[in-house]
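Asks: The structure follows.
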Amino acid sequence: MKTSGLSRLTFSAAAAAMVLGACGTTPTREQPLRTVVPLTAPVLAPGVDANSDKLFVVVTFSGGGKRAAAFSYGVLEALRDVKVTTPDGEQHTLLDEVDLISAVSGGAFTAAYYAMNGKETFDSYAPRFLNHDTEKDLWNKILRPSSWPRLAKTLVSRSDLEVEYFDQELFNGATVYDIMTRSPRVIITATDLVRAKPFTYTREQLNGICVDPKSIPLARAVFSSAATPIYFAPLVMRTFAGDCGYQPPASVLDGESADDAYRRERAERLQTFLDPKYPFLHLADGALADNLGARAILDEVALGDNVTDALRRNGYSRARRMLFIVVDARTGFDRKYARRPEPLGIKKVMDAVVSVTFNRYSFETMNLMRARVKRWENEVRTTRCQTSLAIPDCDKFDVDLVELSFDRVRDAGEREYLDRVPTTFTLSSEQIIRVRRAAHLLVDESPELRTFLEESARAAPK
C-alpha cells in the first residue's frame, strides 16, 4: 500500500526514535540518605513579610483535581485580605501567618507552588496551571514519538514523563527538601498501594526510610499524591531503611502498647516502612488514605507523647494560639442519575465509588478533628502549667478550627454547580472563576474565622 509523504515522514520519525532508544533515559531516582536530616529554622516563602512564632496556623488542602487546586488557591487569595492580631499584639495578614500546609492530590499543586513562589504565586499560578489546558499538554508529552522508546523501558511509566512535565512547567527543579525547610512548610500525602497506608513526605518519614529529600523532585511528590489509580500509573520509590542511623521516637516504640488506638496504629504504620526486606513503595493518590490532608496533622501529633511534644519537635514550642483551616473541595455525584433506569457505565461507577469513599472518610476525619481540637487545648495548658515546667501565662493557649467546604455555600444552585465541577486536569474559565469565588465567600462569611479573629484581638497585649 502506498503512503503519503506525510505518512512516510511520520514513519521515518518513529523509526528513528526507536533506533535512538538506547539514548532514552530513565527518570532521576531517589538517593540514599547517609545521616538523618535535622530540624532547621524555616526560610520564609518569597514576599512573606513577617510571621509570629506565637501564632501557629495550619491549613489543609483536600484532593479533587484542578477543582481542588482552584479552591485552595481561592482560599490563599482570600487570606491575603484578612488581618489578624497576633499574640505579640502585631497585625499581619492571615496568609503571612500560615506555618504549615498539609495537602493531598489537587490541593498539593497549590500548596507546593505557593511554598516555592510565595506572593508571586498570585501573578503566575493561574496562567501557568489553573487556566491552562494541562490535559492536552500531558497527552502531547506522552504521544510525542521521542517519548516512545523511553516508555518501552520496564522501569519507566507514563507517570514518570508527566512528572517531568510538571517539573519543567511548574516547579523548576525544586525538591522535597525545599518544602521541608520553607515557611509555610508543606506536607504532601500519597498512598502506598502495597501496604495500603498513607505515606507522607515529611522529615520523620524520609529519615525513617533513609531517602535523601534533596533527591526527590517536588514534582514527583506532588504527582504521586495526585496519581489516581487506573488513570495514572503509581510511582515507584526505592527505600534504604536502616542505612542512615535513624532511630524512631521513643513515643513510637512505646506507642504499640498505648491506650490511644490512633497513636498505636500510627506507631505500627511507621514501623511497616522501616522493614528493609521490602524496599519499594508504589505511591498513588493520597486521597485514597486522606482526602482532606487532615490525617497528616493527626499523625504528627500521634508521633509524640502529646501535642506539646509535637509542637516542640516541629519548632513551634512558643505558640500561644493555634488555628486549623480545613479546605475541603469535596466531590459530589450528579443526582440526575437517580431519575434514570439505565445502569451506570464503568466510568460513572468509578466516579461514584470514589465520591462515596472519599466523602465518608472525610466525614469521619472531621469528626475526629473536632474531638481532638479541644483536647489538644487542654493538654497544652495542663502540660505547660505543671510545676516543673511552668512558664508565664502557661494557661493561655487556644485552638480554633475553621471548616471551608462546598457544602457550606449558602446558595443551593451554586452549591449544586460546584459539586458538578469535574476533578480533571483541565477546567473551563467559568468553572475556575466560580470555584475561586466560592472560596472568597466562604472565608468572608465563616463564623468560626470571625470568632477567632475577634478573640485574637481581645487577647492581644494593649
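Asks: Taking all protein chains together and a probe of 1.4 Å, list 426, 365, 40 from the most accessible to the least accessible.
Replies: From most accessible down to least: 40, 426, 365.
Asks: Okay, next question. Taking the full set of protein chains and a 1.4 angstrom probe, give the accessible area of residue 434 in square angstrom, rounded to the nearest 10.
Replies: 50
Asks: Right, something else. By accessible area of protein heavy atoms, probe 1.4 Å, what ranking do 376, 139 get, highest first?
Replies: 139, 376
Asks: Compare 263, 312 by solvent-accessible area with a 1.4 Å probe and give them largest first, with all protein chains kept in place.
Replies: Accessible-area ranking of 263, 312, largest first: 312, 263.
Asks: At 1.4 Å probe size, with no ligands or nucleic acids counted, give the accessible surface of residue 282 in Å², nearest ten.
Replies: Surface open to solvent at residue 282 totals about 70 Å².
Asks: Something else now. Considering only C-alpha atoms, what is the centroid distance from region 168-190 to region 417-440, in Å?
Replies: Their Cα centres are 25 Å away from one another.
Asks: Heads up, I need the accessible area for residue 133: 1.4 angstrom probe, whole protein in place, Å², nearest 10.
Replies: Counting only protein heavy atoms, residue 133 exposes about 70 Å² to solvent.
Asks: When N counts the residues of region 96-138, how does its alpha-carbon radius of gyration compare numerically with 2.2 N^0.38 Å, as a ratio?
Replies: Rg over 2.2 N^0.38 Å, computed on Cα atoms: 1.25.
The values are calculated or read from the model by the stated rules, or taken from the named source; none is laboratory data. Bear in mind that the values here come from a model prediction, so they are computed numbers and not experimental data. Note: areas computed on protein heavy atoms with side chains; ligands, DNA, RNA excluded. Shrake-Rupley method; radii C 1.70, N 1.55, O 1.52, S 1.80 Å.
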